[in-house]
1. Could you tell me how many of the residues in the stretch 57-73 are within 22 Å of Arg96 (Cβ to Cβ) and buried (at least 18 other Cβ atoms within 10 Å of the Cβ)?
2. Can you give me the number of residues within the stretch 1-30 that are over 15 Å from Ala75 (Cα atoms) and not in a helix (DSSP H, G or I)?
3. For the list (1) within 15 Å of Ile5 (Cβ to Cβ); (2) in contact (Cβ under 8 Å) with a residue 40 or more places away in the chain; (3) of a type in the set (Val, Ile, Thr), I need the number of the one condition that Thr68 fails.
4. So which residues in the stretch 74-96 are more than 27 Å from Ala13 (Cα to Cα) and surrounded by fewer than 11 Cβ atoms within 10 Å (Cβ to Cβ), if there are any at all?
5. Between residues in the stretch 37-60 that are outside any strand (DSSP E or B) and at pLDDT 95 or above and residues that are of a type in the set (Lys, Arg) and surrounded by 12 or more Cβ atoms within 10 Å (Cβ to Cβ), which pairs lie under 7 Å by C-beta distance while being six or more apart or on different chains?
6. Condition (residue is among the charged types (D, E, K, R) and assigned to a strand (DSSP E or B)) applied to the stretch 62-78: is it met by at least one residue?
7. State whether the residues of the stretch 3-15 include one that is under 12 Å from the mean Cα position of the chain (by Cα), among the polar types (S, T, N, Q) and surrounded by fewer than 18 Cβ atoms within 10 Å (Cβ to Cβ).
Amino acid sequence: MLFAIIATDKDAALDIRLANRPDHLAFLADLGEKLVFAGPFLDEDDQPNGSLVVIEATNLAAAEKIATMDPYEHAGLFASVSVRKWKWVLNNKEGR
């Protein structure tokens, strides 16, 4: 199953994001094939202010556990995080 992890940064937290970005990227790389795609949301100045990470997991509890392991979460970057089951319908070249 696919799950979308949708996170919104706290206000004025760009420094936290930038300081923890290398660890966050390493975390995502370590997910291997569980990671479908990921990237930041951008504000009107093209600065990152949130994250969208789509992963494959066996169930919601497993996806939520992965979300809690993100270094951004440990650094206190996020104001909110939601994990939702997601279905990839269009342009799904991998058949997930």
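The values are calculated or read from the model by the stated rules, or taken from the named source; none is laboratory data. Because the structure is predicted, anything quoted here is derived from the model rather than measured. Virtual Cβ from ideal backbone geometry, glycine too; neighbours counted across all protein chains shown.
1. Just the residues of the stretch 57-73 that are within 22 Å of Arg96 (Cβ to Cβ), to begin with: 57-67, 69-70.
Then drop every residue that is not buried (at least 18 other Cβ atoms within 10 Å of the Cβ), which leaves 57, 63, 66-67, 70.
The number of residues fulfilling the criteria is 5.
2. Going through the stretch 1-30 one residue at a time, the tally reaches 6.
3. Unmet for Thr68, out of (1) within 15 Å of Ile5 (Cβ to Cβ); (2) in contact (Cβ under 8 Å) with a residue 40 or more places away in the chain; (3) of a type in the set (Val, Ile, Thr): (2).
4. Quick first cut of the stretch 74-96, residues more than 27 Å from Ala13 (Cα to Cα) only: 85-96.
Selection gives Lys87, Val89, Leu90, Asn91, Lys93, Glu94, Gly95.
5. Final answer for the pair search is Ala57/Lys34; Leu60/Lys85.
6. Looking only at the stretch 62-78, we keep the residues that are among the charged types (D, E, K, R), and these are 64-65, 70, 73.
From what is left, the residues that are assigned to a strand (DSSP E or B) are none.
So far as the stretch 62-78 goes, no, none of its residues is among the charged types (D, E, K, R) and assigned to a strand (DSSP E or B).
7. Step one: filter the stretch 3-15 for residues under 12 Å from the mean Cα position of the chain (by Cα), giving 3-9.
Now drop any that are not among the polar types (S, T, N, Q), which leaves 8.
Cutting the leftovers down to surrounded by fewer than 18 Cβ atoms within 10 Å (Cβ to Cβ) gives us 8.
Yes, the stretch 3-15 has at least one match.
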